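Student: First the structure, which I've put down as structure tokens, then a few questions once you've had a look.
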Ligand code: SF4
């Protein structure tokens, strides 16, 4: 059944890498004459860009596929992209027979060819190429976010964490040439983006394949100097590869945001060893000390897994004591779920932690973390913070945005009076998403700061 109309709709699951991959797929589709539509029901081609890092995320894709099966009977063409596609391969056609396209991320450069086959009415089209040596370069990205842009610097991962399916679904590390990254950063700034986020499964192991040979820290410094950019973020870092040089560069370049995301996964040496994380708790804490030693304060967030096979009460207490010791400004806590093709996934029920215990541990950690955040955030009351405005919350009658530290800030304010030129009358400028405003913090909760807009930016960024 050929694609009934050149319209498409993409639903994206998972991390920012996937969000950005969807932008690149959308760019390829647009270049082929397709237009995006607002509702899945109006699309000729319906794509799910999937995540398989946790069992729940993968199950969600299959539930969405069965939910919308009726649209296939009406002639719509379905495709599954990304990690679930790579993980399931052709077996996905058996599980969801109304799917016509199954393509992993390494096959996106071949999308025009795969689309041509779908357009010709082929019903079983696969793109399951192994990851190549090349990073996915495209000029065709269709960026949907109006004021924050993502920019991939490295794809895949060479680590082999025992629980992680990423090296299987996304292949080994491929870094992009620094010149291509810097060109894209300049292009983004020229088109009006002021905030960009550098992406990779493990950005710290970036190795410039070009003769320039930049390290990740050198690349960060070069991107931070792009004229027009106001904020540069990066994610995700692996603790083993995180260096003092990165912290020094962050200290030297205020454009680099006051935030480091450094996944710890566990506070127990024994669990870290079994996870094959390649660092001990003490080594992880050395990296935290480096970050705390930066010349300006940096917020630190982390990922944690509870219920990894063999995690006992003592191990869990070590994780609890890690969050007490580090005082993260935010944590993403997940229950372990076995994934196919991983080392831990093959352990079966051996030393599995019961689900009830996992939930209990997850809730205990979340509770304590909320208390820590609520107490630590009090230190912001009375201080000025520069916020990039993201939206207006009609219910709260407040603007909402993020500080450089990535903290959510809600604030009241309706604009500012600005001088346009020496001697000219000042003009009133209403606030708009994507702009920046200075806010004095009046109250602090565990998950957000609340304040009011102030007129004149103070000298120092908070
Ligand atoms: S570092 Fe570990 S957890 Fe992160 S993507 Fe690589 S294998 Fe997965």
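Student: Does the range 228-240 include one or more residues that are closer than 20 Å to residue 289 by Cβ, part of a helix (DSSP H, G or I) and at pLDDT 95 or above?
Tutor: yes
Student: In the range 246-300, which residue that is within 20 Å of residue 195 (Cβ to Cβ) and within 16 Å of the ligand (Cβ to nearest atom) is surrounded by the most Cβ atoms within 10 Å (Cβ to Cβ)?
Tutor: Only one residue fits best here, namely 260.
Student: Same structure, new question: Answer with yes or no whether residue 361 is under 30 Å from residue 83 (Cα atoms) and touching a residue at least 24 places away in the same chain (Cβ under 8 Å).
Tutor: On the way: under 30 Å from residue 83 (Cα atoms): yes; touching a residue at least 24 places away in the same chain (Cβ under 8 Å): yes.
In short, yes.
Student: Can we say residue 389 is in contact with a strand residue (DSSP E or B) (Cβ under 9 Å, 6 or more places away or on another chain) and farther than 30 Å from residue 313 by Cβ?
Tutor: Numbers: in contact with a strand residue (DSSP E or B) (Cβ under 9 Å, 6 or more places away or on another chain): yes; farther than 30 Å from residue 313 by Cβ: yes.
Against the criterion (in contact with a strand residue (DSSP E or B) (Cβ under 9 Å, 6 or more places away or on another chain) and farther than 30 Å from residue 313 by Cβ), residue 389 qualifies.
Student: Out of everything in the range 157-202 that is in a helix (DSSP H, G or I) and closer than 22 Å to residue 259 by Cα, what residue ends up being nearest to the ligand (Cβ to nearest atom)? Please lay out each step first, then the result.
Tutor: Going through the range 157-202, the residues in a helix (DSSP H, G or I) turn out to be 166-170, 178-190.
Okay, now just the ones that are also closer than 22 Å to residue 259 by Cα, so 181-182, 185, 188-189.
On the way: 181: 20, 182: 25, 185: 24, 188: 25, 189: 29 Å.
Only one residue tops the list, namely 181.
Student: Here's another thing I want to ask about it. Since residue 424 meets every condition but one in (1) outside any strand (DSSP E or B); (2) touching a strand residue (DSSP E or B) at 6+ places or on another chain (Cβ under 9 Å), which condition does it not meet?
Tutor: Every condition holds for residue 424 apart from (2).
Student: Hey, among 196, 154, which residue is within 29 Å of residue 128 (Cα to Cα) and in contact with a helix residue (DSSP H, G or I) (Cβ under 8 Å, 6 or more places away or on another chain)? Spell out how you get there, then give the answer.
Tutor: Numbers: 196 fails: within 29 Å of residue 128 (Cα to Cα).
Only one candidate qualifies: 154.
Student: I'd like to check something: does the range 65-82 contain any residue that is within 16 Å of the ligand (Cβ to nearest atom), more than 19 Å from the chain's Cα centre (by Cα), crowded, with 19+ Cβ neighbours inside 10 Å and outside the structural domain of residue 306 (by TED's automatic domain parsing)? Please lay out each step first, then the result.
Tutor: The first filter runs over the range 65-82 and keeps only residues within 16 Å of the ligand (Cβ to nearest atom), leaving 82.
Of the ones still in play, those that are also more than 19 Å from the chain's Cα centre (by Cα) are none.
Within the range 65-82 (the criterion being within 16 Å of the ligand (Cβ to nearest atom), more than 19 Å from the chain's Cα centre (by Cα), crowded, with 19+ Cβ neighbours inside 10 Å and outside the structural domain of residue 306 (by TED's automatic domain parsing)), the answer is no, since none of the residues qualifies.
Student: Which one of 386, 371 is touching a residue at least 40 places away in the same chain (Cβ under 8 Å) and closer than 16 Å to residue 439 by Cα?
Tutor: Values: 371 fails: closer than 16 Å to residue 439 by Cα.
Checking each option against the conditions leaves just 386.
Student: How many of the residues in the range 304-321 are over 15 Å from residue 276 (Cα atoms) and in contact with a strand residue (DSSP E or B) (Cβ under 8 Å, 6 or more places away or on another chain)?
Tutor: First, the residues of the range 304-321 that are over 15 Å from residue 276 (Cα atoms): 306-307, 312-321.
With the extra rule that they be in contact with a strand residue (DSSP E or B) (Cβ under 8 Å, 6 or more places away or on another chain), the set shrinks to 306-307, 316, 319.
Counting residues in the range 304-321 that are over 15 Å from residue 276 (Cα atoms) and in contact with a strand residue (DSSP E or B) (Cβ under 8 Å, 6 or more places away or on another chain) gives 4.
Student: Is it true that some residue in the range 208-221 is at negative phi, within 17 Å of the chain's Cα centre (by Cα), buried (at least 22 other Cβ atoms within 10 Å of the Cβ) and away from the ligand (no atom under 16 Å from the Cβ)? So that I can check it myself, show each step before the final result.
Tutor: First pass over the range 208-221, keeping only residues at negative phi: 208-212, 214-221.
This time we only want the ones that are within 17 Å of the chain's Cα centre (by Cα), so: none.
Within the range 208-221 (the criterion being at negative phi, within 17 Å of the chain's Cα centre (by Cα), buried (at least 22 other Cβ atoms within 10 Å of the Cβ) and away from the ligand (no atom under 16 Å from the Cβ)), the answer is no, since none of the residues qualifies.
Student: Going by what's in this entry, would residue 289 be described as touching a strand residue (DSSP E or B) at 6+ places or on another chain (Cβ under 6 Å), in the same structural domain as residue 257 (by TED's automatic domain parsing), at pLDDT 95 or above and farther than 30 Å from residue 345 by Cβ?
Tutor: On the way: touching a strand residue (DSSP E or B) at 6+ places or on another chain (Cβ under 6 Å): no; in the same structural domain as residue 257 (by TED's automatic domain parsing): yes; at pLDDT 95 or above: yes; farther than 30 Å from residue 345 by Cβ: yes.
Criteria not met by residue 289.
Student: Kindly indicate whether any position in the range 127-145 is modelled with pLDDT of 90 or more and farther than 30 Å from residue 403 by Cβ. Give the derivation first.
Tutor: Filtering the range 127-145 down to residues modelled with pLDDT of 90 or more leaves 127.
Then drop every residue that is not farther than 30 Å from residue 403 by Cβ, which leaves 127.
Looking through the range 127-145, at least one residue is modelled with pLDDT of 90 or more and farther than 30 Å from residue 403 by Cβ.
The rows are residues; the columns are (1) under 26 Å from residue 292 (Cα atoms); (2) at pLDDT below 95; (3) surrounded by 14 or more Cβ atoms within 10 Å (Cβ to Cβ).
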| residue | (1), (2), (3) |
| --- | --- |
| 341 | no, yes, yes |
| 345 | no, yes, yes |
| 349 | no, yes, no |
| 352 | no, yes, yes |
| 360 | no, no, yes |
| 377 | yes, no, yes |
| 381 | yes, no, yes |
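Student: Mind telling me which of the residues 87, 16 ends up being on the phi < 0 side of the Ramachandran plot, modelled with pLDDT under 90 and surrounded by fewer than 19 Cβ atoms within 10 Å (Cβ to Cβ)? Step through it out loud before you land on a result.
Tutor: Numbers: 87 fails: surrounded by fewer than 19 Cβ atoms within 10 Å (Cβ to Cβ).
After ruling out the rest, the residue left standing is 16.
Student: Applying the selection to the range 338-353, what residues are without any contact (Cβ under 8 Å) to a residue 24 or more places away in the chain and part of a loop (DSSP other than H, G, I, E, B)?
Tutor: Of everything in the range 338-353, those that are without any contact (Cβ under 8 Å) to a residue 24 or more places away in the chain and part of a loop (DSSP other than H, G, I, E, B) turn out to be 348, 349.
Student: Could you check the range 142-180 and list, in sequence order, the residues that are more than 17 Å from the chain's Cα centre (by Cα) and either on the phi > 0 side of the Ramachandran plot or not assigned by TED's automatic domain parsing to the domain that holds residue 207 (or both)?
Tutor: Once the filter is applied, which keeps residues that are more than 17 Å from the chain's Cα centre (by Cα) and either on the phi > 0 side of the Ramachandran plot or not assigned by TED's automatic domain parsing to the domain that holds residue 207 (or both), the range 142-180 yields 142, 171.
Student: Considering only residues that are out of contact with any strand residue (DSSP E or B) (no Cβ under 9 Å at 6 or more places or on another chain) and either without any contact (Cβ under 8 Å) to a residue 24 or more places away in the chain or within 13 Å of residue 13 (Cα to Cα) (or both), which ones fall in the range 74-90?
Tutor: 74
The values are calculated or read from the model by the stated rules, or taken from the named source; none is laboratory data. Fair warning: this is a prediction, and the values are worked out from it, not measured in the lab. Here the Cβ is made from the backbone with ideal geometry for all residues, glycine too, and neighbour counts use every protein chain on show.
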